[in-house]
Amino acid sequence: MWNILRTRAAQGQRTAAYPKSAPELPARFRGRLALAPAACDEGCGACVDVCPTHAITCEPSLALDLGRCLFCTECVDVCPTEALSSTPDYRLATTTRDALVLKGEPLALAERLSDEIARRFGRSLGIRVVSAGGCAGCAAEVNALSNIIFDLGRFGIHVVASPRHADAMLVTGPVSHAMKGAVEATYRAIPAPKFVIAVGACAISGGPYAESPAVEQGLATTVPVDLFIPGCPPHPYTLLDGILRALGRAVP
Amino acid sequence: MTHGDLNEDILTPLAFGVCAPIDSFEPVAFDDFASALRQTLDDGGRVLSLFARSTSEAQQWTLVAVLARRHASEAAGQDPARASLVGGDYSFSLGVVCARVGQSYPSLTPRSPALHLFERDLHERCGIVPEGHPWLRPVRHWPSDGGDATQPWPMYELEGPEVHEVRVGPVHAGVIEPGHFRFQCHGERVFRLEIALGFQHRGLLAQLVGGPHCHTLAQMETVAGDTSVGHAWAHAQVVEALSQVCVSPRADALRACGLELERLANHVGDLGALAGDVGFLPTASYCGGLRGDLLNLSAMISGSRLGRGLVRVGGVGFDLDDELTGSMRERLRSIGEAAERANLLLWASPSSTGRFEGTGTVPPEVARSLGLVGFAARASGVDIDVRRCFPTQTYSDHPVRHWLKEQGDVYARGRMRWREAEASFAFLDQVLDELPEGDLRVAPTELSPDSLAVGLVEGWRGEICHIGLTDAQGRFEAYEIVDPSFHNWTGLEMALRGAEISDFPLCNKSFNLSYAGHDL
């Protein structure tokens, strides 16, 4: 008993100060990419060629789809004119698929999904998590939200063990054909009102598996998606920021 | 250990890290092929992979087995040409053996159960029938692809007036990957657990044919998300061997740092989860946070908590300067101390250890015959670790302290993971202290045509084996991936035999296998 208390004292307070202050991220963290289409040397196409998920187009002008992006920043490394750059901004969530396509304007970040969602779930949200053909990288970061650092419970948000207890469904992975039925069944079993979160490049666009005939190209061909959180995988703060925004909660 | 009566001539030796022309592997008579596999396993070696290539004739296949042969170490000393280095009292060498078969051949599984999944895989992917295989169910295409979810393949059934069946999944009650489990029980007692996987199947192997493509490395980092460094490194070894590129000592050391950080994050995190499963919350909470600290160390190197972007073909994508290595060592020391404190609490709590002891036992003879790998095998007395059998330069220079246990229960697997975590902390402290010099990345060249190369890495779960075969243009004609989970899922099934159904979460967490790595 004394040992447990002593260890507890040595452990100290670990829960992050977020959302009262902005999170601390590693110096090499690769967040939102920034585009300067005016600087793009047309016809070079170096970024298009190295992009593993065809997230970048040069025609008619430079555009980058954060829903496909793996944040590998190979494009930034090859761009001769610095038309592409990597920023440490971890805030990436949007409420529409189109908003994820960057063309040079600021990213239109997610806002409260609806007054009803904010009123009903703003202080108590149950999330059902379904992994559907992913690598479990996104699932690992979703899991990390429940640890003592991010402590999802302090926001009144919890991961629930049954769709009947859920208010939202969170899906990772491109939706393998073997899981399509299970994703649909889970969605149907969640009582309305409800909303759906697609987490990671795979769930948004198929990610690195977009060309595989064994998977769907993301979640939207199976159920309607209300919140898109890009990344490969998204940082836990990116996830938290997206979910809190959808609920209309204050975030840095 | 003797070498029995295996005629070594039928094996084509393959040096670790070097590719060989495919036509150097002459097919041998099937009986010789079968005896080479049998003898390799009986000698304590490994069948790393077994797959089939189509031939120019219809319905004719070439079975290809990549073997890791175990030799008593004097033999290795006498033969300097052996590619591998000594591991413990033994040395290991790679070899390839091939045989021509038609649409069927006599199954090797009844004699060598370690081959049971490879043979099911041959049947599923090529339609080859291993005659006499005791349980020829699909490996991962259930119920996707050719199958139908409403018409699943038959699973094991048990009949009797008091027997009942518990079905779980594919969606589980938590943040877990999908899989379908069936427990045949009598009351609380489990007679048999059968696990049906394939729900994470995303057609990965088919996607690799014709590569390497620009998305290949991204796919490799997502074979199993928690083993990004391990799989990316195994793939890099294959491509580097095929293009005759030698990575610098510095790149090798940085890869090893990434791999050990991955091991630490998973071991420490899962020890916390084991504590959580028996309701011992102090260790559960501390380890959850410490796992995050370790992931953040990976992010200090590559910007990604899962180490994405660290391994690049030809080297690494990121370097460490003296200031960073200094601050990483400092953080590692404090995380190591905190992890030790958290674990001492767990191992000093009789109510926890009592729950671990004797639960989910996989006896050494079962682990050996099923070909289990990684810490799960070492907790059941099977002395196998790629870091010792086929070490890269960094692991030769800084051998990782090595442990072996015999009990094979949840306690042994848990203790093994803590011992391995301690060894990884010590390894990282040494390697980061004196990172060798060298180029970060060597530009890759064209791949050798019509060649085969093997990549081997000891991921945190165990042996990761990648095999690449190129066609006449130097593109991948076939690519095989064997995740440690492929071997170890059967170990989890065995751990549940005779156990109670309430032991399942604990047993499952003690293995913590990858669905994605198995399903591919």
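Going by the structure shown, is residue B:211 under 30 Å from residue B:268 (Cβ atoms), within 14 Å of chain A (Cβ to nearest Cβ) and not charged (D, E, K, R)? When the stated conditions are applied, residue B:211 does not pass them. Could you tell me which residue of the range A:16-42 is farthest from residue A:86 (Cα to Cα), considering only residues that are free of Cβ contacts under 8 Å to residues at least 24 places away in the same chain and of a type in the set (Asp, Glu)? Across the range A:16-42, the extreme among qualifying residues is A:42.
Being at pLDDT 90 or above and out of contact with any Gly (no Cβ under 6 Å at 6 or more places or on another chain) is a property that residue B:439 has. Of everything in the range A:122-176 that's touching a helix residue (DSSP H, G or I) at 6+ places or on another chain (Cβ under 8 Å) and acidic (Asp, Glu), which residue is farthest from the other protein chains (Cβ to nearest Cβ)? The qualifying residue farthest from the other protein chains (Cβ to nearest Cβ) is A:167. Any chance the range B:257-275 includes a residue that's surrounded by fewer than 23 Cβ atoms within 10 Å (Cβ to Cβ), of a type in the set (A, V, I, L, M, F, W, C) and farther than 27 Å from residue B:238 by Cα? Yes.
Listed conditions (1) within 17 Å of the chain's Cα centre (by Cα); (2) buried (at least 23 other Cβ atoms within 10 Å of the Cβ); (3) within 14 Å of chain A (Cβ to nearest Cβ) are all met by residue B:205, apart from (2). Just so you know, in the range B:170-202 the residues that are at the interface with chain A (Cβ under 8 Å from one of its Cβ atoms) and under 22 Å from the mean Cα position of the chain (by Cα) include one that is surrounded by the fewest Cβ atoms within 10 Å (Cβ to Cβ), and it is B:176. Each residue in the range B:320-351 was checked for being under 21 Å from residue B:435 (Cα atoms), in a loop (DSSP other than H, G, I, E, B) and within 11 Å of chain A (Cβ to nearest Cβ), and 1 pass.
Here the condition is being small (Gly, Ala, Ser) and free of Cβ contacts under 8 Å to residues at least 40 places away in the same chain; of B:349, B:285, B:298, it holds for B:285 alone. So which residues in the range A:1-30 are touching a helix residue (DSSP H, G or I) at 6+ places or on another chain (Cβ under 6 Å), under 24 Å from residue B:341 (Cβ atoms) and more than 7 Å from chain B (Cβ to nearest Cβ)? Within the range A:1-30, none qualify. Summed over the range A:202-220, the residues that are buried (at least 21 other Cβ atoms within 10 Å of the Cβ), in a helix (DSSP H, G or I) and more than 9 Å from every other protein chain (Cβ to nearest Cβ) give a count of 4.
Residue A:38 fulfils the conditions (1) on the phi > 0 side of the Ramachandran plot; (2) surrounded by fewer than 13 Cβ atoms within 10 Å (Cβ to Cβ) except for a single criterion, (1).
So, residue B:391, is that one within 18 Å of residue B:229 (Cα to Cα) and in a loop (DSSP other than H, G, I, E, B) or not? Spelling it out, residue B:391 is indeed within 18 Å of residue B:229 (Cα to Cα) and in a loop (DSSP other than H, G, I, E, B). Residues of the range B:276-312 that are of a type in the set (S, T, N, Q) and either in contact with a helix residue (DSSP H, G or I) (Cβ under 8 Å, 6 or more places away or on another chain) or crowded, with 24+ Cβ neighbours inside 10 Å (or both): B:283, B:285, B:298, B:302, B:304. Candidates are the residues of the range A:180-197 that are within 10 Å of chain B (Cβ to nearest Cβ), out of contact with any Pro (no Cβ under 6 Å at 6 or more places or on another chain) and of a type outside the set (Val, Ile, Thr); the one that is surrounded by the most Cβ atoms within 10 Å (Cβ to Cβ) is A:180. Evaluated against (1) over 29 Å from residue B:410 (Cα atoms); (2) facing chain A (nearest Cβ under 9 Å); (3) not in a loop (DSSP other than H, G, I, E, B), residue B:226 falls short on exactly one condition, (1).
Looking only at the range A:169-187, which residues are in contact (Cβ under 8 Å) with a residue 24 or more places away in the chain and either more than 20 Å from residue A:136 (Cβ to Cβ) or assigned to a helix (DSSP H, G or I) (or both)? Answer for the range A:169-187, where residues must be in contact (Cβ under 8 Å) with a residue 24 or more places away in the chain and either more than 20 Å from residue A:136 (Cβ to Cβ) or assigned to a helix (DSSP H, G or I) (or both): A:177, A:178, A:179, A:180, A:182, A:183, A:184, A:186, A:187.
Residues in the range B:265-282 that are within 9 Å of another protein chain (Cβ to nearest Cβ) and in contact with a Leu (Cβ under 7 Å, 6 or more places away or on another chain): 1 in all.
A count restricted to the range A:56-80 and to residues that are within 12 Å of chain B (Cβ to nearest Cβ), touching a residue at least 60 places away in the same chain (Cβ under 8 Å) and among the aliphatic types (A, V, I, L, M) stands at 1.
In the range B:29-45, the residues that are touching a residue at least 60 places away in the same chain (Cβ under 8 Å) reach residues that are assigned to a helix (DSSP H, G or I) with C-beta atoms within less than 7 angstrom, at least six apart or across chains, in these pairs: B:32/B:10; B:36/B:10; B:37/B:115; B:41/B:114.
Among the residues of the range B:111-144 satisfying the criterion of being in a strand (DSSP E or B) and surrounded by fewer than 19 Cβ atoms within 10 Å (Cβ to Cβ), which is farthest from the other protein chains (Cβ to nearest Cβ)? Here the residue is B:131. Among the numbered conditions (1) within 29 Å of residue A:140 (Cβ to Cβ); (2) at pLDDT below 85; (3) more than 14 Å from every other protein chain (Cβ to nearest Cβ), the only one that residue B:156 does not meet is (1).
Remark: residue B:76 matches the filter, which requires a residue to be modelled with pLDDT under 85, in a helix (DSSP H, G or I) and either over 18 Å from residue B:13 (Cβ atoms) or of a type outside the set (S, T, N, Q) (or both). Scanning the range B:259-295 for residues that are polar (S, T, N, Q) and more than 24 Å from the chain's Cα centre (by Cα) gives B:283, B:285.
Scanning the range A:64-89 for residues that are part of a loop (DSSP other than H, G, I, E, B) and within 18 Å of residue A:202 (Cβ to Cβ) yields A:66, A:67, A:68, A:69, A:70, A:71, A:72. Being more than 29 Å from residue B:284 (Cα to Cα), in contact with a Leu (Cβ under 6 Å, 6 or more places away or on another chain) and in the same structural domain as residue B:271 (by TED's automatic domain parsing), is that true of even one residue in the range B:400-418? Scanning the range B:400-418, I find no residue that is more than 29 Å from residue B:284 (Cα to Cα), in contact with a Leu (Cβ under 6 Å, 6 or more places away or on another chain) and in the same structural domain as residue B:271 (by TED's automatic domain parsing), so the answer is no. The residues listed here are A:23, A:52; of these, the one that is in a loop (DSSP other than H, G, I, E, B) and under 19 Å from residue A:73 (Cβ atoms) is A:52.
The values are calculated or read from the model by the stated rules, or taken from the named source; none is laboratory data. These figures come from a predicted structure and were not determined experimentally. Glycine also receives a Cβ, built like all others from the backbone with ideal geometry; neighbour counts cover every protein chain displayed.
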